[in-house]
Amino acid sequence: TFGAMSVGERGYFNKPFEPFFFDVDYIDFPTHDNQEKILEDAENLLKTRDISALIVEPLVQGSAGMRMYSSVFLDKLCALAKKHEALIIFDEVMTGWYRTGRLFAMDHCEEKPDIICLSKGLTGGVLPLGLTVTTNKIFDAFLGETKEKALLHGHSFTGNALSCAAALASIKELKKDKFQINIKNIRKQHLEFIKEIGKLKNVKNARSFGTICAFELENKDSNYFSDISEKAHSYFLDKGMFVRTLGNTLFFNPPYSFTDDELKHCYEQFIGFASDDGLL
(Lines give C-alpha, C1' and ligand atoms only; values in the text may rest on other atoms or scores of the structure.)
Protein backbone atom coordinates (compact mmCIF):
# COMPACT_ATOMS: atom_id res chain seq x y z
CA THR A 1 0.00 0.00 0.00
CA PHE A 2 2.76 2.48 0.90
CA GLY A 3 4.46 1.64 -2.40
CA ALA A 4 1.37 2.60 -4.38
CA MET A 5 0.90 5.77 -2.33
CA SER A 6 4.56 6.70 -2.80
CA VAL A 7 4.22 7.02 -6.56
CA GLY A 8 0.95 8.95 -6.47
CA GLU A 9 0.43 12.66 -5.94
CA ARG A 10 1.36 13.87 -2.48
CA GLY A 11 -1.30 15.87 -0.69
CA TYR A 12 -4.50 15.80 1.31
CA PHE A 13 -5.15 12.07 1.39
CA ASN A 14 -1.73 10.61 2.09
CA LYS A 15 0.03 13.32 4.11
CA PRO A 16 -0.18 11.38 7.43
CA PHE A 17 1.72 8.48 5.82
CA GLU A 18 4.50 10.42 4.06
CA PRO A 19 7.22 9.40 6.55
CA PHE A 20 6.81 5.84 5.25
CA PHE A 21 7.10 6.68 1.54
CA PHE A 22 10.15 6.14 -0.63
CA ASP A 23 11.37 8.99 -2.82
CA VAL A 24 10.23 9.28 -6.41
CA ASP A 25 10.80 11.79 -9.21
CA TYR A 26 7.86 13.37 -11.01
CA ILE A 27 7.42 14.94 -14.43
CA ASP A 28 4.75 17.52 -15.19
CA PHE A 29 1.51 16.71 -16.96
CA PRO A 30 1.97 17.12 -20.73
CA THR A 31 0.22 20.00 -22.47
CA HIS A 32 0.55 21.34 -25.99
CA ASP A 33 3.11 23.91 -24.80
CA ASN A 34 5.36 21.91 -22.47
CA GLN A 35 5.76 18.50 -24.10
CA GLU A 36 9.28 19.01 -25.42
CA LYS A 37 10.43 20.37 -22.05
CA ILE A 38 8.93 17.35 -20.27
CA LEU A 39 10.65 14.93 -22.63
CA GLU A 40 13.94 16.74 -22.01
CA ASP A 41 13.42 16.58 -18.24
CA ALA A 42 12.49 12.89 -18.46
CA GLU A 43 15.61 12.03 -20.42
CA ASN A 44 17.81 13.90 -17.94
CA LEU A 45 16.36 11.73 -15.16
CA LEU A 46 16.48 8.49 -17.12
CA LYS A 47 20.04 8.83 -18.39
CA THR A 48 21.34 8.80 -14.82
CA ARG A 49 20.34 5.11 -14.79
CA ASP A 50 19.00 5.65 -11.25
CA ILE A 51 15.39 5.31 -12.46
CA SER A 52 14.11 1.76 -12.20
CA ALA A 53 10.68 2.32 -13.75
CA LEU A 54 8.43 4.82 -15.47
CA ILE A 55 4.89 4.64 -14.05
CA VAL A 56 2.02 6.38 -15.84
CA GLU A 57 -1.73 6.44 -16.17
CA PRO A 58 -1.84 6.06 -19.96
CA LEU A 59 -3.66 8.79 -21.93
CA VAL A 60 -6.13 9.69 -19.16
CA GLN A 61 -5.21 10.66 -15.59
CA GLY A 62 -8.13 9.67 -13.39
CA SER A 63 -8.33 11.25 -9.93
CA ALA A 64 -6.02 14.07 -11.00
CA GLY A 65 -8.96 15.50 -12.95
CA MET A 66 -9.65 13.22 -15.92
CA ARG A 67 -6.80 14.96 -17.73
CA MET A 68 -6.20 13.63 -21.25
CA TYR A 69 -3.07 13.63 -23.38
CA SER A 70 -1.87 12.20 -26.67
CA SER A 71 -0.55 8.76 -27.55
CA VAL A 72 2.17 10.45 -29.64
CA PHE A 73 3.64 12.02 -26.50
CA LEU A 74 3.34 8.77 -24.52
CA ASP A 75 5.14 6.85 -27.27
CA LYS A 76 8.02 9.32 -27.15
CA LEU A 77 8.20 9.09 -23.36
CA CYS A 78 8.17 5.29 -23.39
CA ALA A 79 10.82 5.19 -26.10
CA LEU A 80 13.11 7.21 -23.79
CA ALA A 81 12.47 4.78 -20.94
CA LYS A 82 13.36 1.82 -23.15
CA LYS A 83 16.45 3.60 -24.43
CA HIS A 84 17.72 3.93 -20.85
CA GLU A 85 16.53 0.46 -19.77
CA ALA A 86 13.85 1.55 -17.31
CA LEU A 87 10.77 -0.63 -16.98
CA ILE A 88 7.46 0.85 -18.13
CA ILE A 89 4.37 0.35 -15.96
CA PHE A 90 0.90 1.34 -17.14
CA ASP A 91 -1.79 1.79 -14.52
CA GLU A 92 -4.81 0.66 -16.56
CA VAL A 93 -7.12 0.20 -13.58
CA MET A 94 -9.39 2.96 -14.88
CA THR A 95 -8.50 3.05 -18.58
CA GLY A 96 -8.70 -0.70 -19.22
CA TRP A 97 -11.63 -2.73 -20.57
CA TYR A 98 -12.64 -0.39 -23.42
CA ARG A 99 -12.88 2.84 -21.37
CA THR A 100 -10.80 4.59 -24.06
CA GLY A 101 -12.66 2.84 -26.87
CA ARG A 102 -10.08 0.08 -27.21
CA LEU A 103 -9.50 -2.90 -24.94
CA PHE A 104 -6.62 -1.14 -23.21
CA ALA A 105 -5.23 2.39 -23.49
CA MET A 106 -1.92 0.85 -24.56
CA ASP A 107 -3.69 -0.30 -27.74
CA HIS A 108 -3.59 3.35 -28.88
CA CYS A 109 0.23 3.29 -28.58
CA GLU A 110 3.11 1.91 -30.63
CA GLU A 111 5.36 1.47 -27.58
CA LYS A 112 4.11 -1.19 -25.15
CA PRO A 113 4.66 -1.38 -21.38
CA ASP A 114 6.46 -4.11 -19.46
CA ILE A 115 3.79 -4.26 -16.75
CA ILE A 116 0.11 -3.33 -16.70
CA CYS A 117 -2.12 -3.09 -13.63
CA LEU A 118 -5.78 -4.04 -14.07
CA SER A 119 -8.91 -4.04 -11.93
CA LYS A 120 -12.34 -2.27 -11.87
CA GLY A 121 -13.99 -3.31 -15.15
CA LEU A 122 -12.29 -6.68 -14.81
CA THR A 123 -15.18 -7.85 -12.61
CA GLY A 124 -17.62 -5.05 -13.40
CA GLY A 125 -17.23 -3.88 -9.80
CA VAL A 126 -19.17 -6.86 -8.47
CA LEU A 127 -16.22 -8.38 -6.59
CA PRO A 128 -12.70 -7.08 -5.85
CA LEU A 129 -9.94 -8.42 -8.07
CA GLY A 130 -6.70 -6.99 -9.41
CA LEU A 131 -4.18 -8.27 -11.93
CA THR A 132 -0.53 -7.47 -12.53
CA VAL A 133 0.33 -8.59 -16.05
CA THR A 134 3.92 -8.66 -17.28
CA THR A 135 6.01 -9.52 -20.30
CA ASN A 136 7.48 -13.01 -20.45
CA LYS A 137 10.91 -11.54 -19.73
CA ILE A 138 9.78 -10.30 -16.31
CA PHE A 139 7.66 -13.37 -15.61
CA ASP A 140 10.56 -15.69 -16.41
CA ALA A 141 12.83 -13.81 -14.00
CA PHE A 142 10.81 -15.29 -11.13
CA LEU A 143 11.00 -18.86 -12.43
CA GLY A 144 13.59 -21.33 -11.27
CA GLU A 145 14.18 -24.77 -9.81
CA THR A 146 14.11 -23.38 -6.26
CA LYS A 147 11.67 -21.06 -4.52
CA GLU A 148 14.27 -18.41 -3.75
CA LYS A 149 13.56 -16.67 -7.06
CA ALA A 150 9.79 -16.82 -6.69
CA LEU A 151 7.58 -13.83 -5.93
CA LEU A 152 6.66 -15.07 -2.48
CA HIS A 153 3.61 -12.92 -2.00
CA GLY A 154 0.12 -14.00 -1.05
CA HIS A 155 -2.85 -13.10 1.05
CA SER A 156 -5.89 -14.75 2.57
CA PHE A 157 -8.03 -14.49 -0.56
CA THR A 158 -5.47 -15.32 -3.24
CA GLY A 159 -7.02 -17.12 -6.19
CA ASN A 160 -10.55 -16.41 -4.98
CA ALA A 161 -12.63 -18.63 -7.24
CA LEU A 162 -15.74 -16.46 -7.07
CA SER A 163 -13.86 -13.29 -8.05
CA CYS A 164 -12.13 -15.14 -10.89
CA ALA A 165 -15.47 -16.45 -12.13
CA ALA A 166 -16.88 -12.90 -12.09
CA ALA A 167 -13.86 -11.69 -14.09
CA LEU A 168 -14.31 -14.39 -16.74
CA ALA A 169 -18.02 -13.59 -17.00
CA SER A 170 -17.29 -9.85 -17.30
CA ILE A 171 -14.71 -10.36 -20.06
CA LYS A 172 -17.13 -12.65 -21.92
CA GLU A 173 -19.86 -10.00 -21.75
CA LEU A 174 -17.55 -7.21 -22.90
CA LYS A 175 -16.73 -9.12 -26.09
CA LYS A 176 -20.38 -9.45 -27.11
CA ASP A 177 -21.53 -7.47 -30.13
CA LYS A 178 -24.21 -5.59 -28.17
CA PHE A 179 -21.60 -4.10 -25.84
CA GLN A 180 -19.13 -3.32 -28.61
CA ILE A 181 -21.88 -1.50 -30.51
CA ASN A 182 -22.93 0.41 -27.40
CA ILE A 183 -19.33 1.40 -26.60
CA LYS A 184 -19.09 2.98 -30.07
CA ASN A 185 -22.46 4.65 -29.56
CA ILE A 186 -21.43 6.15 -26.20
CA ARG A 187 -18.23 7.50 -27.78
CA LYS A 188 -20.27 9.14 -30.53
CA GLN A 189 -22.86 10.60 -28.14
CA HIS A 190 -20.14 11.96 -25.84
CA LEU A 191 -18.64 13.92 -28.73
CA GLU A 192 -22.00 15.59 -29.40
CA PHE A 193 -22.52 16.26 -25.69
CA ILE A 194 -19.18 18.02 -25.14
CA LYS A 195 -19.87 20.24 -28.17
CA GLU A 196 -23.16 21.29 -26.59
CA ILE A 197 -22.02 21.76 -23.01
CA GLY A 198 -18.81 23.43 -24.16
CA LYS A 199 -20.90 26.37 -25.39
CA LEU A 200 -22.01 27.30 -21.86
CA LYS A 201 -20.30 30.30 -20.29
CA ASN A 202 -19.57 28.44 -17.03
CA VAL A 203 -17.86 25.52 -18.77
CA LYS A 204 -14.29 25.18 -19.95
CA ASN A 205 -12.16 22.38 -21.39
CA ALA A 206 -15.01 20.00 -22.28
CA ARG A 207 -13.37 16.81 -23.53
CA SER A 208 -13.92 13.14 -24.18
CA PHE A 209 -11.89 10.02 -24.86
CA GLY A 210 -13.69 6.79 -25.58
CA THR A 211 -16.53 6.40 -23.08
CA ILE A 212 -15.04 9.03 -20.71
CA CYS A 213 -16.14 12.64 -20.86
CA ALA A 214 -15.35 15.51 -18.53
CA PHE A 215 -15.59 19.26 -18.21
CA GLU A 216 -14.56 21.95 -15.76
CA LEU A 217 -16.75 24.60 -14.16
CA GLU A 218 -15.57 28.17 -13.73
CA ASN A 219 -15.20 28.64 -10.00
CA LYS A 220 -12.91 30.59 -7.68
CA ASP A 221 -12.05 27.38 -5.82
CA SER A 222 -10.76 24.62 -8.10
CA ASN A 223 -9.03 22.25 -5.68
CA TYR A 224 -10.30 18.81 -4.71
CA PHE A 225 -12.40 20.26 -1.88
CA SER A 226 -14.18 22.83 -4.03
CA ASP A 227 -17.64 23.74 -2.73
CA ILE A 228 -18.98 22.65 -6.11
CA SER A 229 -18.71 19.05 -4.92
CA GLU A 230 -21.40 19.24 -2.25
CA LYS A 231 -23.68 21.30 -4.46
CA ALA A 232 -23.27 18.79 -7.27
CA HIS A 233 -23.95 15.78 -5.04
CA SER A 234 -27.23 17.25 -3.79
CA TYR A 235 -28.32 18.45 -7.21
CA PHE A 236 -27.70 15.17 -9.00
CA LEU A 237 -29.13 12.95 -6.26
CA ASP A 238 -32.38 14.86 -6.64
CA LYS A 239 -32.25 13.95 -10.33
CA GLY A 240 -31.65 10.26 -9.61
CA MET A 241 -27.91 10.34 -10.31
CA PHE A 242 -24.85 9.74 -8.16
CA VAL A 243 -22.00 11.89 -9.47
CA ARG A 244 -18.44 12.10 -8.21
CA THR A 245 -16.60 15.37 -8.71
CA LEU A 246 -12.88 16.06 -8.84
CA GLY A 247 -12.70 19.58 -7.50
CA ASN A 248 -14.44 21.70 -10.12
CA THR A 249 -14.19 18.89 -12.68
CA LEU A 250 -17.28 16.80 -13.43
CA PHE A 251 -16.95 13.59 -15.37
CA PHE A 252 -19.20 10.89 -16.78
CA ASN A 253 -18.14 7.25 -17.31
CA PRO A 254 -21.44 5.49 -18.01
CA PRO A 255 -21.90 1.72 -17.90
CA TYR A 256 -21.74 0.14 -21.34
CA SER A 257 -25.32 -1.08 -20.85
CA PHE A 258 -26.72 2.48 -20.86
CA THR A 259 -29.55 3.16 -23.30
CA ASP A 260 -29.89 6.29 -25.41
CA ASP A 261 -32.66 7.53 -23.11
CA GLU A 262 -30.45 7.07 -20.04
CA LEU A 263 -27.59 8.91 -21.72
CA LYS A 264 -29.92 11.73 -22.74
CA HIS A 265 -31.25 12.05 -19.19
CA CYS A 266 -27.74 12.32 -17.75
CA TYR A 267 -26.59 14.81 -20.38
CA GLU A 268 -29.61 17.00 -19.63
CA GLN A 269 -28.83 17.03 -15.90
CA PHE A 270 -25.19 17.96 -16.50
CA ILE A 271 -26.25 20.82 -18.77
CA GLY A 272 -28.86 21.93 -16.23
CA PHE A 273 -26.32 22.05 -13.43
CA ALA A 274 -23.66 23.82 -15.50
CA SER A 275 -26.24 26.40 -16.66
CA ASP A 276 -27.38 27.34 -13.15
CA ASP A 277 -25.45 30.46 -12.07
CA GLY A 278 -26.99 30.17 -8.60
CA LEU A 279 -25.26 26.85 -7.98
CA LEU A 280 -21.87 28.12 -9.10
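Out of Lys82, Lys37, I need the residue that is of a type outside the set (Gly, Ala, Ser), over 25 Å from Leu118 (Cβ atoms) and surrounded by fewer than 18 Cβ atoms within 10 Å (Cβ to Cβ). Which one?
The conditions single out Lys37.
Residue under question is Ser6, and the condition is that it be in contact with a Cys (Cβ under 6 Å, 6 or more places away or on another chain), surrounded by 15 or more Cβ atoms within 10 Å (Cβ to Cβ) and without any contact (Cβ under 8 Å) to a residue 60 or more places away in the chain; does it hold? Spell out how you get there, then give the answer.
Numbers: in contact with a Cys (Cβ under 6 Å, 6 or more places away or on another chain): no; surrounded by 15 or more Cβ atoms within 10 Å (Cβ to Cβ): yes; without any contact (Cβ under 8 Å) to a residue 60 or more places away in the chain: yes.
Considered against the rule, which asks whether it is in contact with a Cys (Cβ under 6 Å, 6 or more places away or on another chain), surrounded by 15 or more Cβ atoms within 10 Å (Cβ to Cβ) and without any contact (Cβ under 8 Å) to a residue 60 or more places away in the chain, Ser6 comes out as no.
Would you be able to tell me the number of residues in segment 223-275 that are open to solvent by 40 Å² or more (accessible area, probe 1.4 Å), modelled with pLDDT of 90 or more and not aromatic (Phe, Trp, Tyr)?
Residues meeting the conditions: 18.
Residue-wise test of (1) at pLDDT below 95; (2) touching a helix residue (DSSP H, G or I) at 6+ places or on another chain (Cβ under 6 Å).
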{"position": "Thr1", "(1), (2)": "yes, no"}
{"position": "Gly8", "(1), (2)": "yes, no"}
{"position": "Phe13", "(1), (2)": "yes, no"}
{"position": "Pro19", "(1), (2)": "yes, no"}
{"position": "Phe22", "(1), (2)": "yes, yes"}
{"position": "Phe29", "(1), (2)": "no, no"}
{"position": "His32", "(1), (2)": "yes, no"}
{"position": "Glu43", "(1), (2)": "no, yes"}
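Filter segment 111-132 down to the residues that are open to solvent by 60 Å² or more (accessible area, probe 1.4 Å) and within 25 Å of Leu54 (Cα to Cα) and list them by number.
Lys112, Lys120, Leu131, Thr132
Show the residue pairs meeting these rules: Cβ distance below 9 Å; 6+ apart or different chains; first residue within segment 147-165 and more than 18 Å from Thr132 (Cβ to Cβ); second residue surrounded by 10 or more Cβ atoms within 10 Å (Cβ to Cβ).
Leu162/Leu127; Ala165/Leu127
When the residues of segment 166-202 are narrowed to those that are closer than 17 Å to Gly101 by Cα and assigned to a loop (DSSP other than H, G, I, E, B), which ends up least open to solvent (accessible area, probe 1.4 Å)?
Out of the qualifying residues, it is Lys176.
Can you tell me which condition Phe215 does not meet? The list is (1) open to solvent by 50 Å² or more (accessible area, probe 1.4 Å); (2) outside any loop (DSSP other than H, G, I, E, B), and all the others hold.
Just one mismatch for Phe215, condition (1).
The values are calculated or read from the model by the stated rules, or taken from the named source; none is laboratory data. What you see is a predicted model; the values in this text were computed from it and never measured. Every residue, glycine as well, gets a Cβ built from its backbone with ideal geometry; the counts of neighbours run over all protein chains shown. Heads up: the accessible areas ignore ligands, DNA and RNA and are worked out on the full protein's heavy atoms, side chains in. Shrake-Rupley method; radii C 1.70, N 1.55, O 1.52, S 1.80 Å.
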